[in-house]
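The values are calculated or read from the model by the stated rules, or taken from the named source; none is laboratory data. The structure presented is a predicted model; accordingly, all values stated were derived computationally and were not measured. In this analysis, Cβ positions are derived from the backbone assuming ideal geometry, glycine residues included, and neighbour counts consider all displayed protein chains.
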Amino acid sequence: MPIKSDKWIIKKCEIEEMIRPFSREQVKQVTLPEGNVRRVISYGVSSYGYDMRLGNIFKVLTQGVSKEIDPKNVNAGLYKTIRADDYLVVPPHGLVMGQSVEYFKIPRDILTICFGKSTYARCGLLVNVTPFEPEWEGFATIALNNLTSNPIKIYSGEGIAQLIFLQAQTNDICATSYKDKAGKYQAQTEITTARV
């Protein structure tokens, strides 16, 4: 499975809207409405990937609740929904779920693998996003785990994780895509907790 380059990512996004909104280049700073420039955790196209951004709506696992979390039957009451337009503080050893700013439409011959950005990894934040399967589409739900005993800031609208795109060989495209099997997270538009 060859990895796809920036040229391929740009073409797929500009012609087929594989990612929207889409940033054609790596963004490292933004100009604020009052004209000031602010450095950001980078997002957009890189040499062999795409750095997606973190949205501003979060589900925060309630601290101190001593109920078990059952992935087959998640109690929605364990999470508090919060909007944070600038940043959110992830408590020590806390779990927060966020959502990508971008909406993805993955081609049938592509599988993505996602890695958290090193900026956050070096602070003790584990970013977990499962692979985007062939023909999956939607906003990505992103699990953010603070592995430290210190609070960690996460920034809305800035880079959170990098996707790499792997392409199947022409004669080896999957028989059944995520869309074909009506996957449970297909076309998700909200932060989605575990489903069975």
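Quick rundown of the values:
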{"item": "Phe115 being within 30 Å of Asn171 (Cα to Cα) and not in a loop (DSSP other than H, G, I, E, B)", "result": "yes"}
{"item": "Count of residues meeting criterion [in contact (Cβ under 8 Å) with a residue 60 or more places away in the chain, buried (at least 20 other Cβ atoms within 10 Å of the Cβ) and touching a helix residue (DSSP H, G or I) at 6+ places or on another chain (Cβ under 7 Å)] in segment 39-85", "result": "1"}
{"item": "Selected residue (criterion: farthest from Ile191 (Cα to Cα)) from residues of segment 118-127 that are surrounded by 15 or more Cβ atoms within 10 Å (Cβ to Cβ) and either touching a residue at least 60 places away in the same chain (Cβ under 8 Å) or not hydrophobic (A, V, I, L, M, F, W, C) (or both)", "result": "Gly124"}
{"item": "Thr31 surrounded by fewer than 13 Cβ atoms within 10 Å (Cβ to Cβ), free of Cβ contacts under 8 Å to residues at least 24 places away in the same chain and touching a Lys or Arg at 6+ places or on another chain (Cβ under 9 Å)", "result": "yes"}
{"item": "Counted residues, segment 70-100 - those being under 22 Å from the mean Cα position of the chain (by Cα) and in a loop (DSSP other than H, G, I, E, B)", "result": "9"}
{"item": "Condition met for Leu88 (crowded, with 19+ Cβ neighbours inside 10 Å, among the hydrophobic types (A, V, I, L, M, F, W, C), in contact with a Gly (Cβ under 6 Å, 6 or more places away or on another chain) and modelled with pLDDT of 95 or more)", "result": "no"}
{"item": "Pick from segment 152-192, criterion loosely packed, with under 15 Cβ neighbours inside 10 Å and β-branched (Val, Ile, Thr), ranking: nearest to Met52 (Cα to Cα)", "result": "Thr189"}
